[in-house]
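The values are calculated or read from the model by the stated rules, or taken from the named source; none is laboratory data. Bear in mind the structure is a predicted one, so any value in this text is a computation, not a measurement. Reconstructed Cβ throughout: ideal geometry from the backbone, glycine too, with neighbour counts over all protein chains shown.
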Amino acid sequence: MSHENIESAMRRALELALLGPAWGVNPQVGCVILDASGQIIAEGWHRGAGTAHAEVDALSKLAAVPAGATAVVTLEPCNHTGRTGPCAQALIAAGVSRVVYAVADPGAESSQGAQTLRDAGVEVIEGVLASEASEQNRVWLTATRLQRPYVTLKWASSIDGRAAANDGTSKWISGEESRADCHKMRSEVDAILVGTGTVLADDPELTARKSNGELYEHQPMRVVVGNREIAADARVLNDRAETVQLRTHSIHGILAALWQEGIKHVLIEGGPMVASQFVRFGLADQYIFYLAPLLLGGSRNAIRELGIESMAEAKHLDFVEIKPLGGDIFVRAVPRSA
Ligand SMILES: NC(=O)c1ccc[n+]([C@@H]2O[C@H](COP(=O)([O-])OP(=O)(O)OC[C@H]3O[C@@H](n4cnc5c(N)ncnc54)[C@H](OP(=O)(O)O)[C@@H]3O)[C@@H](O)[C@H]2O)c1
């Protein structure tokens, strides 16, 4: 079987992985099984916690695995018995001759699947399309490695960097397409977080809604941080999604509490005071900016004091994706690694 053959099978496995949900505690994983000649004979993907893992899903499509088969999977097969059995054992039991995977599993409990396979005499090849797979699964890989939720910080600002006008109004800085994009992003995360300041100023509902107003199937948990009381009739307390208020200013404490709740990906939607604290502590893993073609001036900056006094202390970012979105500009950025 050629290297191109294996690479194209991995590309297919990466496509399949995306059929599973982005939200939830588990990673998106895809798997294809090739016969000895390199033909795809089965495909599988993971549909979320409590359901079959990608490898087992693919194996279930076959009455028997032919001799010389290869399993190509986007993540190292797991080695632990959670709600489902270990995939490494399932692959061994099915008689797969070779396993190819893209990235290693950083989970303390689930890793070492490759070793188990090798010990059973299965040939193991790792690192095929590793950078593509790491990028695709960056949320789960980062959260698992750091043992805290992956943090995406998002804001909409005027092109001069203001998140509101002087009177505090911010509806709407960004256009319809940007807002639709943000709602889709909400539907793919586990929690949305804002400070009490945003709830009191804007009374947002913080649900994930389609353009026709319908709710997306998955609603993230709504998290409000801060000590002030929220009015009982605030929209964020309606019954269209779960809401928790964390009466603390400790950013590390907030992330620890969310991790305990099984939150893998939290989207910070402001306001400037809370957002600044995540930046200050180096706890933003990814930034999404919707930059609108309007000028507001004034003092309502999208981000507040970061404790930076000179250029030498600037927090550098790398732009990963920039695209026009309606009349706005969409920017995805990540902290520049040293
Ligand atoms: N353009 C955008 O994308 C966007 C997004 C959101 C908001 N906004 C605008 O932003 C304005 C509200 O800004 P804001 O900065 O007051 O809102 P905020 O950041 O949502 O809320 C600030 C409050 O959060 C609580 N808090 C929790 N942890 C904190 C910490 N570590 N540090 C500081 N505060 C913490 C405090 O509440 P307690 O005093 O209750 O403890 C604080 O007063 C509104 O005008 C809104 O329209 C714009």
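Of these, 194, 128, 151, 124, which one is of a type in the set (A, V, I, L, M, F, W, C), assigned to a strand (DSSP E or B) and away from the ligand (no atom under 16 Å from the Cβ)?
Working: 194 fails: away from the ligand (no atom under 16 Å from the Cβ); 128 fails: assigned to a strand (DSSP E or B); 151 fails: away from the ligand (no atom under 16 Å from the Cβ).
Selected residue: 124, the only one of 194, 128, 151, 124 that is of a type in the set (A, V, I, L, M, F, W, C), assigned to a strand (DSSP E or B) and away from the ligand (no atom under 16 Å from the Cβ).
Please verify whether the stretch 194-206 includes one or more residues that are under 30 Å from residue 103 (Cβ atoms) and in contact with a helix residue (DSSP H, G or I) (Cβ under 7 Å, 6 or more places away or on another chain).
no
Going by what's in this entry, would residue 156 be described as part of a strand (DSSP E or B), under 20 Å from the mean Cα position of the chain (by Cα) and either more than 8 Å from the ligand (Cβ to nearest atom) or in contact (Cβ under 8 Å) with a residue 12 or more places away in the chain (or both)? Reasoning before the result, please.
Details: part of a strand (DSSP E or B): yes; under 20 Å from the mean Cα position of the chain (by Cα): yes; either more than 8 Å from the ligand (Cβ to nearest atom) or in contact (Cβ under 8 Å) with a residue 12 or more places away in the chain (or both): yes.
The answer is yes for residue 156.
Can you tell which of 278, 289 is more than 11 Å from residue 155 (Cα to Cα) and in the same structural domain as residue 220 (by TED's automatic domain parsing)? Please lay out each step first, then the result.
Details: 289 fails: more than 11 Å from residue 155 (Cα to Cα).
The unique qualifying residue is 278.
In the stretch 246-275, which residue that is out of contact with any Gly (no Cβ under 9 Å at 6 or more places or on another chain) and among the small types (Gly, Ala, Ser) is nearest to the ligand (Cβ to nearest atom)?
Filtering the stretch 246-275 for residues that are out of contact with any Gly (no Cβ under 9 Å at 6 or more places or on another chain) and among the small types (Gly, Ala, Ser), the one nearest to the ligand (Cβ to nearest atom) comes out as 250.
What are the residue pairs meeting all of these: first residue in the stretch 300-316, first residue within 17 Å of residue 197 (Cβ to Cβ), second residue among the basic types (Lys, Arg) and within 12 Å of the ligand (Cβ to nearest atom), Cβ atoms under 6 Å, and 6 or more apart or on different chains?
300/162
Filter the stretch 294-336 for residues that are part of a loop (DSSP other than H, G, I, E, B), within 15 Å of the ligand (Cβ to nearest atom), under 14 Å from residue 158 (Cα atoms) and within 28 Å of the chain's Cα centre (by Cα) and give the result.
302, 303, listed by residue number.
I need the full set of residues from the stretch 159-185 which are within 13 Å of the ligand (Cβ to nearest atom) and of a type in the set (Lys, Arg), in order please.
Within the stretch 159-185, 162, 171, 179 qualify.
Among the candidates 133, 114, single out the residue that is outside any loop (DSSP other than H, G, I, E, B), modelled with pLDDT under 95 and in contact with a helix residue (DSSP H, G or I) (Cβ under 9 Å, 6 or more places away or on another chain). Spell out the reasoning first.
Details: 133 fails: modelled with pLDDT under 95.
Criteria check complete, one pass: 114.
Just the residues that are surrounded by fewer than 24 Cβ atoms within 10 Å (Cβ to Cβ) and hydrophobic (A, V, I, L, M, F, W, C), please, taken from the stretch 24-33.
Taking the stretch 24-33 and keeping what is surrounded by fewer than 24 Cβ atoms within 10 Å (Cβ to Cβ), we get 24-26.
Listed by number, the list holds a single entry, 25.
Considering each residue of the stretch 276-289, count those that are of a type in the set (Ser, Thr, Tyr) and either touching a Phe, Trp or Tyr at 6+ places or on another chain (Cβ under 6 Å) or away from the ligand (no atom under 11 Å from the Cβ) (or both), and give that number.
Filtering the stretch 276-289 down to residues of a type in the set (Ser, Thr, Tyr) leaves 276, 287.
Next, only the ones that are either touching a Phe, Trp or Tyr at 6+ places or on another chain (Cβ under 6 Å) or away from the ligand (no atom under 11 Å from the Cβ) (or both) stay: 287.
Number satisfying all stated conditions: 1.
Among the residues of the stretch 242-285, what is the count of those that are in a loop (DSSP other than H, G, I, E, B), surrounded by fewer than 20 Cβ atoms within 10 Å (Cβ to Cβ) and of a type in the set (Val, Ile, Thr)?
Qualifying residue count, the stretch 242-285: 1.
Could you please give the count of residues in the stretch 205-225 that are within 13 Å of residue 179 (Cα to Cα) and within 11 Å of the ligand (Cβ to nearest atom)? Break it down stepwise before answering.
Filtering the stretch 205-225 for residues within 13 Å of residue 179 (Cα to Cα) gives 206-213.
Retained after the next criterion (residues that are within 11 Å of the ligand (Cβ to nearest atom)): 206.
Number of matching residues: 1.
Looking at 107, 24, which one is among the small types (Gly, Ala, Ser), in a loop (DSSP other than H, G, I, E, B) and in contact with a helix residue (DSSP H, G or I) (Cβ under 6 Å, 6 or more places away or on another chain)? Steps first, answer last, please.
Values: 24 fails: in contact with a helix residue (DSSP H, G or I) (Cβ under 6 Å, 6 or more places away or on another chain).
Of 107, 24, the one residue that is among the small types (Gly, Ala, Ser), in a loop (DSSP other than H, G, I, E, B) and in contact with a helix residue (DSSP H, G or I) (Cβ under 6 Å, 6 or more places away or on another chain) is 107.
Taking residue 327 as the residue in question, decide whether it is in contact (Cβ under 8 Å) with a residue 12 or more places away in the chain and at positive phi. Break it down stepwise before answering.
Details: in contact (Cβ under 8 Å) with a residue 12 or more places away in the chain: yes; at positive phi: no.
Judged against the criteria, residue 327 is not a match.
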